[in-house]
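The values are calculated or read from the model by the stated rules, or taken from the named source; none is laboratory data. Bear in mind the structure is a predicted one, so any value in this text is a computation, not a measurement. With ligands, DNA and RNA removed, areas are computed over all heavy atoms of the protein, side chains included. Shrake-Rupley method; radii C 1.70, N 1.55, O 1.52, S 1.80 Å.
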Amino acid sequence: MTGPLTDDARCPCLSGDAYGACCGRYHAGMRTGADGAAPGPGAPTAEALMRSRYSAFAVGDAAYLRATWHTSTRPADLDLDDDLEWRRLDVLRTEAGGPFDAAGVVEFVAYHRSRTDRTDRGRLHEVSRFVREGDRWYYVDGDVG
């Protein structure tokens with residue numbers, strides 16, 4: 001699914017909402033700042049940020065992933081694997097991460113398969129940590145299991 005989606009397409013995070021009303025609004029908001037600032041709406045919770053980051057992997061939006069990565073752990077470069085097709089996201093649990101929290105944890109499993117070899121499938125199970133600074137949530141790091 002790499003590439004831009006139309007606003008009325010199904011959101012990759014499987015929320016049941018259209019992309020434009022779900023993760024797409026966060027992706028678009030981060031792209032509008034010429035100075036690198038994030039002028040658009042930010043995800044209101046750690047889980048919403050995690051879902052939008054999953055969707056960014058699904059559509060190949062590395063700029064959004066870097067913009068939502070906390071500066072203390074953000075990689076200098078981020079190259080996405082174009083051969084991976086992200087297929088499904090299961091949120092297993094959340095701890096804190098609400099609109100009035102300073103930190104949160106989201107555990108999830110994301111499923112993928114190879115675009116070139118459809119039988120090559122995998123999953124990423126991660127417990128991710130997030131922090132809120134001002135009115136923005138950021139991904140800090142995660143434990144992969």
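See the values below:
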item: Rounded to 5, the percent of DSSP beta bridges in the chain classed as antiparallel; result: 95 percent
item: Accessible carbon and sulfur surface of the chain relative to its total accessible area, %, 1.4 Å; result: 50 percent
item: Accessible area (Å², per residue) of the chain, counting only protein heavy atoms and a probe of 1.4 Å; result: 53 Å²
item: Histogram of C-alpha separations across segment 11-145, 5 Å bin width, %; result: 2, 11, 20, 24, 23, 13, 5, 2, 0
item: Normalised contact order of the chain, rounded percent, pairs of Cα under 8 Å and 6 or more residues apart; result: 20 percent
